[in-house]
Structures are given as structure tokens and as C-alpha cells.
Amino acid sequence: MSQNKTVLLIDDEQAFLEPLADALEYEGYRVLKARTADQALNLLAKEPVSLVTIDIMLDPGEQLGETVDSHSTGLFLCRHIRERYPHIDAFCISVVSDVSTIVQIESLGIRFLRKGETPLRTVLNMLRSRLTGIAYSTDRGRGKR
Amino acid sequence: MLQAEDHDIAQKLKVLEESNQQLIEKLKTVERERTEYLQNVSHQLVAPLNAIKWHIENINERRIGIERAQKVLKSIYSQATIAVHLAKNFNLMSNLEADHALSQLKEPLRDIDLKRLLINLANDFQPLAWDQEIDIGVSDSRFDSGPSILAMRPLISQVFSNIIENAVKYSNPKTIIVIEGTYKKEDDSFAVRIRNHGIQLPEKHQEDVFARGFRTPESKRKYPAGTGFGLYIAKRIVEIHEGTITARSAEGWTVFEVTLTVKGLQGKARYVSEQDRTPHR
């Protein structure tokens, strides 16, 4: 089902990357991880990425460090991906609760999910639905079988 | 006459208005800093808790095998340790912000075996360090077997965990963090050094790094959600114990040195040691 599609996870917290990578690999996806914006841009340029998840507060890396503010690196990446890779689906998963940042991200057509509040199952369902083009079923359907 | 008075009042009003405007600007800055601090606190606490929740979901839903689950359980434990460490820092910080002296925390004085304490802390932070293939080691040959020191254990523990956490965050991958200890007989003190290899601390910031909320531009870039309070808290606690703390970088290495006197606060009226707590008969 996954047809080995590639998902790129961009986050500087290994603790965030690990469980999401475990779950996506279990579903058969190929998972790439980037811990800085530099690394993310390099991977986007050479890998056949189908979907990305983006954190907001992130180390831009040495190449972008001079020009990008680490408090809004994710916003920079969202814009960059929408501009350069419009075919790639993107989600933003972050703790950031600043409404104006969230509005800017969602105005790019990128769904914002809040870390700590969104269950992994919900994230997986949303990602899977984008990757397969099939709407995900909610938990309410469970137990009727 | 009346005109002169009017002019005088108008002048005074203008001065008042200007100082009022300055106060408004100051308040706005404080409010902005407070919001940023709370966001960073939230970011730091949510990260390990989110990891714990998602790892547990993976185990529950059997998305990972037994072998992987064993590793994940270690990671969960490590994340919980980090969350507790952060919560302790924020609690200490709120005491400091409320301008309570640390002595009001009324922690009893205890004998602390520094080497054992540091081995335990190194073990606590090792799983976090493994993420970047960093090893934390207490040097056997370079840690003197001196006497225990008399101090407030939870606070001293927080000093070293803040320095070790800092070292892990700003070390280059695949490096080592070395912890050494020297007993100085001449002044009956213990010096602990924590060395790591990574982001350098410029000479001009060697003092600033202990200031409340201070962060070097490079540390801001690498770890945007930091609060700049860990080393400030460490310094305040060391000072309460009448010790010293320094930081310097050279040739790729950064060294934090904490010196504490062995007798510590013994006999100081406001602190109570376990030995002093003889029950009344």
C-alpha cells in the first residue's frame, strides 16, 4: 500500500523523530530524518520525497544560519517547499502556539498539528490519507466489527 | 504670572508623559520576554512528554517488536528523567524570580560523594547523549577519591545536571564528555571539571554565560527553545554554597569547573545539617 513512498521528517528533537519514524516504517514507508534546515534542503534536492513534516523552532544549520531566524526556521521551510516543491505534501508539527505563525502556515495550505496534543494515531491517519489519497476512517468505526 | 505657571505645568506634564511612555515600553519588553520564556518552557516540557506518549502508543499498538520495545522503554525512562530535571529547574527559577533566597528552600545539608553523584547523573543523561553518539564518562584515573562534601544535595545535583545537559546539547556528534575531579588539600575543596567538545564559548562571553537568560548567538541557532536559565541557576546555587563556577573554551574543548569547599555550609546558622538535627529528648 505504501509503495515505499518516502517521508522526510524535519525536527531537531531526536525524541520526536524516533516514535514517528517507528510508526511510519511499520506502515512500510521509507523514512528520512533531517535535524537542521540545511540537511532538509539537501535531502529534498536529491531524494524522491512524497511528504514532509516540519517543526517550527529549528536549527537552520551553518549555511542558512546567517539569514534564517531559528525561531521561525519551519516557516521558512514551509514557504520554500511550497515554492520549489509544490507537489510534495507537507504537515507542520510543532509546540509553537503563536496564532500569527499558525495562520501564515495554514495560508500556505499546510496543516498545523500541535505536538503533545495530537495522538500519534491521528498523525498517522492524516499522513496516510495524504500519501494514499484515501480518506482515513475515525476511531468511531472501531469495535463495530 | 499665570502664563508662567501654565508653562511650568505643561513642562512637568510633558516630562511625566515621556517617563510614562518609557515605562510602557519597558513593560512591553518584559511582557515579550515573559511570553518567549513561557513558550520556551512549554516547548522544552512538551518535547519529552510527547515522545513518551507516542512511544507508548507504538508499544500498545504493537507497531514495534520486542527488541525495539526494550530500547524504546529506555528512551521513555530517559525522557521522563529529562522532564523531571526540567520541572525542577523551572521550580527553582520561579523561586529565584520571586526573589526568594535559595536558603529559603530549607534543604538539609548532607554528605555528598561527588564521584557517585556524577556517575549517576552521567547515566541519567547518557541515553539523550547517545542520540548524537556522544559518550559521557567519569574519569576513573582523573577523579580523586577525596572526602564527601557537605551541601544541599538536590541543589548540587541540579548544578551538575544543568552543566551536563548543556554539554550534551552543544557537543559535536561522536565526541566524548569527560568528568574529572580534583581534591585540593590546601583549602579543603573539591574541583569538578566537565569537558566537552563542540560549540566554543567566546572569551568575551565567559562571564555572560551565567547571566539570567543570556545565550550566545550560536547556542540560539543550534537550540532555539533554550531559556538561558540552566547555567544561571547553577551559578546561583554554587554561590549559595560559597563555591565558584567558571567556563572557558580552547582548542575545540569547553570546560566548566565547579569548586566547592568540603565543609560547605556546616555551622552556618541558617542551614541545618543532618548531624545538627539531633532530636530533642
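The values are calculated or read from the model by the stated rules, or taken from the named source; none is laboratory data. The structure displayed is predicted, hence computed values, not measured ones. For neighbour counting, all protein chains shown are included, and Cβ atoms are generated from backbone atoms with ideal geometry for every residue, glycine included. Just so you know, the surface numbers come from the protein's heavy atoms only, side chains and all, with ligands and any DNA or RNA stripped out. Shrake-Rupley method; radii C 1.70, N 1.55, O 1.52, S 1.80 Å.
Observations, loosely collected:
- Solvent-accessible area buried by pairing B with A, both sides, nearest 100 square angstrom, 1.4 angstrom probe: 2800
- Ligands, DNA and RNA aside, B:Trp253 has an accessible area near 80 Å² when probed at 1.4 Å.
- Heavy-atom accessible area, probed at 1.4 angstrom with all protein chains present, ranks B:Ser249, B:Ser189, B:Ser141, B:Ser42 as B:Ser141, B:Ser42, B:Ser249, B:Ser189, highest first.
- Reduction of at least 40 Å² in accessible surface, 1.4 Å probe, comparing all protein chains with the chain by itself, residues of the range A:8-39: A:Glu13, A:Ala15, A:Glu18, A:Pro19, A:Asp22, A:Tyr26, A:Arg35
- Within a Gaussian network of chain B (alpha carbon springs, distance under 10 Å), most fluctuating of B:Arg221, B:Arg110, B:Arg248: B:Arg221
- Of the DSSP H helices in chain A, those with a Cα length along their own long axis of 15 Å or more and a mean Kyte-Doolittle hydropathy reaching 0.0 comprise A:14-26, A:120-132.
- Dividing the Cα radius of gyration of the protein assembly as shown by 2.2 N^0.38 Å, with N the residue count, gives 1.17.
- Computed from backbone phi with θ = phi - 60° and the Karplus coefficients 6.51, -1.76 and 1.60, the 3J(HN,Hα) list for the range A:61-68 is x, 5, 5, 9, x, 6, 9, 10 Hz; x is used for glycine and proline.
- Take every Cα pair under 8 Å whose residues are at least 6 apart in sequence, average their separation, divide by the length of chain B, and the relative contact order is 18 percent.
- Cα-projected label distance for A:Val31 with B:Ile9, points at 7 Å along beta-carbon direction, nm: 7.3
- Rg [Å, one decimal], Dmax [Å, integer] - the range B:1-135, C-alpha atoms: 26.3, 93
- Counting only heavy atoms of the protein chains and using a 1.4 Å probe, B:Leu121 has close to 10 Å² of accessible surface.
- For chain B, convex hull of alpha carbons as volume per residue, Å³: 246
- Per residue of A:116-128, other chain Cβ atoms within 10 Å of the residue Cβ number 3 on average.
- Projecting the Cα atoms of B:Ser94, B:Pro127, B:Thr35 onto the charge dipole of the range B:31-140 (Cβ charges, centred on the Cα centre) puts B:Pro127 farthest toward the positive pole.
- List B:Ile199, A:Ile10, ordered by accessible area with a 1.4 Å probe, largest first: B:Ile199, A:Ile10
- Net charge dipole size for the range B:1-143 [Lys, Arg +1 and Asp, Glu -1 on Cβ; Debye, nearest 20]: 840
- For chain B, the longest principal axis of the C-alpha atoms and the axis of helix B:114-130 are separated by about 80°.
- The order of the peptides B:5-16, A:42-53 by mean Cβ neighbours within 10 Å, most packed first, is A:42-53, B:5-16.
- Set B:Lys71/B:Lys184; B:Lys169/B:Lys204; B:Lys88/B:Lys169; A:Lys33/B:Lys235; B:Lys185/B:Lys220; B:Lys222/B:Lys263 screened for pairs whose C-alpha atoms are more than 30 Å apart: B:Lys71/B:Lys184; A:Lys33/B:Lys235; B:Lys185/B:Lys220; B:Lys222/B:Lys263
- Range of Cα positions in chain A per principal axis (Å), largest first: 56, 33, 28
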